[in-house]
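Working notes, structure below.
The values are calculated or read from the model by the stated rules, or taken from the named source; none is laboratory data. Please read all numbers here as calculations on a predicted model, not as lab measurements. No Cβ is skipped: glycine too gets one built from the backbone with ideal geometry, and neighbour counts run over all protein chains shown.
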Ligand SMILES: Cc1cc2nc3c(=O)[nH]c(=O)nc-3n(C[C@H](O)[C@H](O)[C@H](O)COP(=O)(O)OP(=O)(O)OC[C@H]3O[C@@H](n4cnc5c(N)ncnc54)[C@H](O)[C@@H]3O)c2cc1C
């Protein structure tokens, strides 16, 4: 794949102008700049043409027109991605799904929702809640990320510990292939095993195998009660050991979120104040239908934590206090960014028994290389966000070395280089650490079968062939 030349893009624009409305196409430099950036800190890659799809047919038209002229297409949603998935590395068309943002159906009888890809995740959660239902996957970006992006990245979140990730809720997909063909895969029932599990393949395909234009989701009854506690520790290793012990205790909280000393320093006083002596904390949350049972579960978790060095457990007394805790958790990423001019956020996952060792080794590696490493995240499922904070682009070679060592440590502990953000552009150089040549080659052949021209979101997941 090479960067599309201007005349080919002009030809695509001319072809699409005949079939789309004028406000669906833009090559305004200001707009192109906005769509050339996401939350990955991987730099700016400007598209040459921006197309806003308003229907499934529009998506097919864009693929057909662009690929006929050899122009790459990169799907883009809310641009909250952290692996650079929506960055058009080779220019060409950015295909935005944001205007396809309708909740088409919410069925309390079937416990099913059908949505377009541009629906904001939080809007679906609220709509389900309003009819007594629950959509559990809760990426911390739920206020602004979209369902199409969640499908592409198989997004997870704090509640994945108990409820699983996006893929566990996708029953069916309307899917546009790079050829422009429209597939309807999956089902509307919980069970259903006819044919290959294509939804399983498409969810998590990072915008490289086609585009979701309609998504059928499983919902569950909303748990009537939720209780949240903040467990305080003197240091992060004690907290990590306590997380492992809590998980081994036979209880299944819906979230166990870890904050280390640097993360606590970053958010302390920003809407929430931590008690003196707090060097780490765990947000533990349980849900069910009866207050008494939940309080008992939190008390049991607290006892296990206290036996493993916790200093105190503070139980949120009402929804306002719960929300204050979660609001603090949601600003960790942005607050860390405010501490130092540069930040790289990693998203590894390790087997849960290895959480303490992973955190200790990341901190030791950071100290050895003279870098600040903050580790927080969904510790309950082993998914750690290890952040490297640094002062200047001059530090970048050391940071790159630190990232490499972090991935090596993770893989050596039996973990994976990405728990939820995807490989995208940011981590494609590390995939060979985790996956063998045979597996990578098979996936490339699969991609070539579905996208023979290699023009859909090129340069993602795998390093380009030399
Ligand atoms: C503060 C913050 C907190 C976050 N917390 C979490 C978290 O807890 N858990 C988590 O998993 N992630 C988290 N993220 C990462 C990000 O929000 C998710 O990856 C999210 O799923 C991206 O959605 P988006 O709509 O922004 O997609 P974009 O970033 O626009 O795109 C992501 C990918 O989806 C592809 N794509 C977009 N639409 C479609 C479509 N309709 N069909 C096929 N492919 C498509 C794009 O090509 C790209 O590869 C966080 C990000 C931020 C900034």
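Select from the range 436-464 the residues that are away from the ligand (no atom under 12 Å from the Cβ), assigned to a loop (DSSP other than H, G, I, E, B) and in contact with a helix residue (DSSP H, G or I) (Cβ under 8 Å, 6 or more places away or on another chain) and list them in ascending order.
Result: 453, 454, 455, 462, 463.
How many of the residues in the range 16-50 are modelled with pLDDT of 95 or more and assigned to a loop (DSSP other than H, G, I, E, B)?
Adding up the residues that qualify gives 15.
Answer yes or no as to whether residue 158 is within 8 Å of the ligand (Cβ to nearest atom), farther than 19 Å from residue 423 by Cα and crowded, with 22+ Cβ neighbours inside 10 Å.
Here the answer is yes, as residue 158 does meet what is asked.
Tally time: how many residues in the range 117-143 are within 7 Å of the ligand (Cβ to nearest atom) and more than 21 Å from residue 199 (Cα to Cα)?
The qualifying residues number 2.
Does any residue in the range 454-466 that is on the phi > 0 side of the Ramachandran plot come within less than 9 Å, Cβ to Cβ, of a residue that is at pLDDT 95 or above and in a strand (DSSP E or B) six or more places away or on a different chain, and which pairs are these?
457/73; 457/74; 457/75
Taking interchain pairs and intrachain pairs at least six residues apart, which have beta carbon atoms under 8 angstrom, with the first residue in the range 360-383 and surrounded by fewer than 18 Cβ atoms within 10 Å (Cβ to Cβ) and the second in a strand (DSSP E or B)?
372/388; 372/389; 372/390
Give just the number: which of (1) assigned to a loop (DSSP other than H, G, I, E, B); (2) on the phi < 0 side of the Ramachandran plot does residue 422 not satisfy?
So residue 422 meets the others, but not (2).
Inspect all residues belonging to the range 435-445 and state whether any of them is within 20 Å of the chain's Cα centre (by Cα) and modelled with pLDDT of 95 or more.
No, the range 435-445 contains no residue that is within 20 Å of the chain's Cα centre (by Cα) and modelled with pLDDT of 95 or more.
Considering only residues that are over 17 Å from residue 461 (Cα atoms) and in contact with a strand residue (DSSP E or B) (Cβ under 6 Å, 6 or more places away or on another chain), which ones fall in the range 407-439?
410, 415
Determine whether residue 180 is without any contact (Cβ under 8 Å) to a residue 60 or more places away in the chain and more than 8 Å from the ligand (Cβ to nearest atom).
no
Where in the range 207-269 are there strands (runs of 3 or more DSSP E), lying fully within it, with 3 or more residues that are under 21 Å from the mean Cα position of the chain (by Cα)?
Counting at least 3 such residues, we get 211-218, 255-259.
For the range 30-58, how many residues are touching a helix residue (DSSP H, G or I) at 6+ places or on another chain (Cβ under 7 Å) and near the ligand (Cβ under 10 Å from one of its atoms)?
Count: 1.
Quick one: which residue in 59, 114 is in contact (Cβ under 8 Å) with a residue 40 or more places away in the chain and closer than 15 Å to residue 210 by Cα?
59
Hey, can you tell me all the residues within the range 309-336 that are free of Cβ contacts under 8 Å to residues at least 40 places away in the same chain and within 15 Å of the ligand (Cβ to nearest atom)?
Of everything in the range 309-336, just one residue is free of Cβ contacts under 8 Å to residues at least 40 places away in the same chain and within 15 Å of the ligand (Cβ to nearest atom), namely 334.
Name, by its number, the condition in (1) more than 16 Å from the ligand (Cβ to nearest atom); (2) in contact with a helix residue (DSSP H, G or I) (Cβ under 7 Å, 6 or more places away or on another chain); (3) more than 20 Å from residue 128 (Cα to Cα) that does not hold for residue 238.
Every listed condition holds for residue 238 apart from (2).
Starting from the range 143-156, keep only residues that are free of Cβ contacts under 8 Å to residues at least 12 places away in the same chain and closer than 14 Å to residue 40 by Cβ, then list their pairs with residues that are in a loop (DSSP other than H, G, I, E, B) and within 6 Å of the ligand (Cβ to nearest atom) whose Cβ atoms are within a distance under 7 Å, requiring at least 6 positions of separation or different chains.
From the range 143-156, no pairs qualify.
Which one of these is in contact with a helix residue (DSSP H, G or I) (Cβ under 8 Å, 6 or more places away or on another chain) and buried (at least 24 other Cβ atoms within 10 Å of the Cβ): 180, 207, 271?
Result: 207 is the single residue among 180, 207, 271 that is in contact with a helix residue (DSSP H, G or I) (Cβ under 8 Å, 6 or more places away or on another chain) and buried (at least 24 other Cβ atoms within 10 Å of the Cβ).
Which pairs do you get when a residue that is in contact (Cβ under 8 Å) with a residue 60 or more places away in the chain and under 16 Å from residue 147 (Cβ atoms), found in the range 183-209, comes within reach of a residue that is assigned to a strand (DSSP E or B) and within 10 Å of the ligand (Cβ to nearest atom), reach meaning Cβ atoms under 9 angstrom, with the pair 6+ apart or on two chains?
Taking only residues 6 or more apart or on different chains, the pairs are 207/74; 207/75; 207/76; 207/456.
Within the range 223-235, is there a residue that is within 30 Å of residue 107 (Cβ to Cβ), in contact (Cβ under 8 Å) with a residue 60 or more places away in the chain and within 16 Å of the ligand (Cβ to nearest atom)?
no
For residue 386, are the conditions met, namely being at pLDDT below 95, in a loop (DSSP other than H, G, I, E, B) and at negative phi?
When the stated conditions are applied, residue 386 does not pass them.
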